[in-house]
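Note sheet for the following structure.
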Amino acid sequence: MIRTLTLIAAGLTLTACASMPLETGPQSEFAPETGDQMQLCAAEAYQVLVGQPVGGVHTDSLPRPHRVYGQGDPVTMDYRPDRLNIVVGDDGTVAEVKCG
């Protein structure tokens, strides 16, 4: 009896999942947009920071989203074309500015 109820419940669950649409709401903030909607992070506007001491970078003035990290630091590998990355070298200066 329990085995029969378990199989029925599993079958109903699978049926419900199979009939649900894949996208049920607005696009996730982490999902990259496609086509003309894709927004880049404008890293070219911040190339002037390369070579500057990281202490002089005011993170309040950076666009969101952004992250500041050192070369070799562990960071997430998710690609976000709208995120500005400020990479700091071992000498404490900005080594690279890029999107992702």
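The values are calculated or read from the model by the stated rules, or taken from the named source; none is laboratory data. A quick note: this is a predicted structure, and the numbers were derived from the prediction, not measured. Cβ atoms come from the backbone with ideal geometry, glycine included; neighbour counts cover every protein chain shown. The accessibility values were calculated without ligands, DNA or RNA, using every heavy atom of the protein model including side chains. Shrake-Rupley method; radii C 1.70, N 1.55, O 1.52, S 1.80 Å.
At a glance:
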| read-out | value |
| --- | --- |
| Selection count, segment 46-71, where residues are at pLDDT 95 or above, among the small types (Gly, Ala, Ser) and outside any strand (DSSP E or B) | 1 |
| Count of residues meeting criterion [closer than 11 Å to Lys98 by Cα and either open to solvent by 100 Å² or more (accessible area, probe 1.4 Å) or modelled with pLDDT under 90 (or both)] in segment 27-41 | 1 |
| Hits in segment 45-59 - residues which are surrounded by 14 or more Cβ atoms within 10 Å (Cβ to Cβ) and over 21 Å from the mean Cα position of the chain (by Cα) | Leu49, Val50, Val54, Val57 |
| Counted residues, segment 82-98 - those being crowded, with 16+ Cβ neighbours inside 10 Å and closer than 14 Å to Ala43 by Cβ | 9 |
| Given (1) open to solvent by 70 Å² or more (accessible area, probe 1.4 Å); (2) at pLDDT 95 or above; (3) not in a strand (DSSP E or B), number of the condition Tyr79 does not satisfy | (2) |
